[in-house]
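Asker: I'd like to ask you about the structure that follows.
The values are calculated or read from the model by the stated rules, or taken from the named source; none is laboratory data. All figures in this text were calculated on a predicted structure; none of them were measured in a lab. Don't worry about glycine lacking a Cβ; one is built from the backbone with ideal geometry, like all the others, and counts go over all protein chains shown. Accessible surface areas use protein heavy atoms only, side chains included; no ligands, DNA or RNA. Shrake-Rupley method; radii C 1.70, N 1.55, O 1.52, S 1.80 Å.
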Amino acid sequence: MNHQKIIIVGAGMIGLSMALGLRQQGHQVDVIERGSRPEYGQEPELRVSALAHHSRDLLQQLGVWQQLPSQRLGPYTAMDVWDHDSFGRIEFAANEVNADDLGAIVENRVLEQVLWDAALQAGVTIHAGEAVAEHNVTEQQVSIRLVNGQKFYGDYLIAADGNRSTIRERARLPLSFWDYQQTGIVAVINTELPHQGIARQVFLPRGPIAWLPLNDPHQVSLVWSADTELAEQLQALDDITFMQRLQAASNSCLGQLELASQRAGFPLRMQYAQRWLQQRLMVIGDAAHSIHPLAGQGANLGFGDVIDLLQVFANQPSHKSLRAWERQRKAAAVTMITAMEAFKRGFGSANPLLKLARGVGFQVANNTKPLKRMLVKAALGE
């Protein structure tokens, strides 16, 4: 195999995983990152990801999963999903498909720090605190110039620089998007009752709330996706009043709740790059797609990009094989985006007839073993 020289822009979870995998294949890899090495403290981080089995398998193959501190991992073995003020409810567990768990909640910054150090140790060159001023892609090579004037040349350029990707914008890759008109509010919550490794989610007319189990049996990560107007009202509340609103929405499923961190919010928007490949340039992760967090599949979609692209580079990459990768990953992204939009529209209504239909649908799914097994496998990312 001819080893390639590859430039990656962006050192988040997806960019670093790609860099480490390519380096382990023997390729020369340079990573350009605006920020510095991620560092985490003693307290749980606000931003987390629910990693499915295929994402964890990749990280294990890279030798990274084994290095993550066990006290910062929250495996979940079951899910409990219900419709607010309705009889609709579905519960499913990993043991229904003979699995040990459905996935694991991982703090983003913890994973990024471990990936960063593993990439450096493997021989990836990371240029921290640097930004790309311009890039050029031809049929023969790629080149970039940093703001500081430094130039790099390579065989391929991979953009993993997030949903506001400057590389994607400079390449003028067409972008489809719509604003969900919602904000995701995140925080760490202490719970009176143990979460028992169960991921919980309630659908409200103005957005879902998820309680994701952390390693501490009495601590969860909150993700409250609310319509923008409501989110602004919630963020303006003092901590006590905010927690009263959350307590009411929880139906006391975890007993008394207590705020254990600051709250933060981020706008929710769907984005989808219509082209992921331009000669020797590829876009992956949030640079290629971003979706609603209600099913926690955004990071898993990005790791899927990495898994399939590493398979291309394990052999001699060609325009044909890269085009096949693009078609495969675009299809996966469209399927997930469509599913998330259907969920959001289907549950984002207080119409009594729709609530009745949702309730019946939940009950049918909960009591139909083949359908329920299919849903469990979907939760596993299979």
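Asker: Would you calculate the separation in nanometres between label points at Arg269 and Arg47, each defined as 7 Å from the Cα along the Cα-to-beta-carbon direction?
Answerer: About 1.5 nm separates the two model spin labels.
Asker: Considering the convex hull of the alpha carbon atoms of the chain, report its projected area averaged over all viewing directions, in nm², one decimal.
Answerer: 18.8 nm²
Asker: To the nearest 10 square angstrom, what accessible area does Val147 show with a 1.4 Å probe?
Answerer: Accessible surface of Val147 is approximately 100 Å².
Asker: What nm distance separates the two modelled labels at Glu192 and Arg245, each placed 7 Å from Cα along Cα→Cβ?
Answerer: 2.2 nm
Asker: Separate question: Given all pairs of different Cα atoms, what value in angstroms does the Kirkwood hydrodynamic radius of region 97-206 take?
Answerer: By the Kirkwood definition, the hydrodynamic radius is 19.1 Å.
Asker: Also: Through the Karplus equation 6.51 cos²θ - 1.76 cosθ + 1.60, θ set to phi - 60°, convert the phi angles of region 172-177 into ³J(HN,Hα) values in whole Hz; use x for Gly and Pro.
Answerer: Values, residue by residue: 6, 6, x, 10, 9, 7 Hz.
Asker: Can I ask one more? What is region 1-106 by shape, rounded, prolate or oblate, if you read a ≥ b ≥ c off the alpha carbon gyration tensor as root eigenvalues and call it rounded for a/c under 1.5, prolate for a/b larger than b/c, and oblate otherwise?
Answerer: Prolate, because a/c is 1.5 or more and a/b exceeds b/c.
Asker: Distance between Cα centroids, region 160-194 to region 21-74: provide it in whole Å.
Answerer: 19 Å
Asker: Using the beta-carbon distance between Gln262 and Arg145 and R0 = 45 Å, what value does 1/(1 + (r/R0)^6) give for FRET efficiency, to the nearest 0.05?
Answerer: 0.70
Asker: What whole-number value in Å² describes the accessible area per residue of the chain for a 1.4 Å probe?
Answerer: Roughly 44 Å² per residue, with all protein chains present.
Asker: Determine the gain in length on full extension of the stretch Ser70-Asn2; use 0.36 nm per residue of separation and subtract their C-alpha separation, reporting nm with one decimal.
Answerer: Stretched fully, the Ser70-Asn2 segment lengthens by 20.7 nm.
Asker: Return a whole-number percent for the relative contact order of the chain, with Cα pairs under 8 Å and 6 or more residues apart as the contact set.
Answerer: 22 percent
Asker: Also: Given the Cα-Cα distance of Ser176 and Ala331 and 0.36 nm per residue of separation, how much length would full extension add, in nm?
Answerer: Answer, rounded to one decimal: 54.3 nm.
Asker: Enumerate the amide H contacts of Ala187 below 5 Å, restricted to partners 5 or more residues apart or on another chain; note that Pro and chain-start residues carry no placed amide H.
Answerer: Leu222
Asker: Among 225-233, 45-53, 172-180, what's the highest-first ranking by average C-beta atoms within 10 angstrom per residue?
Answerer: 45-53, 225-233, 172-180
Asker: Which number gives the lysine pairs in the chain that have C-alpha atoms under 29 Å apart and are eight or more places apart or on different chains?
Answerer: The number of close lysine pairs in the chain is 16.
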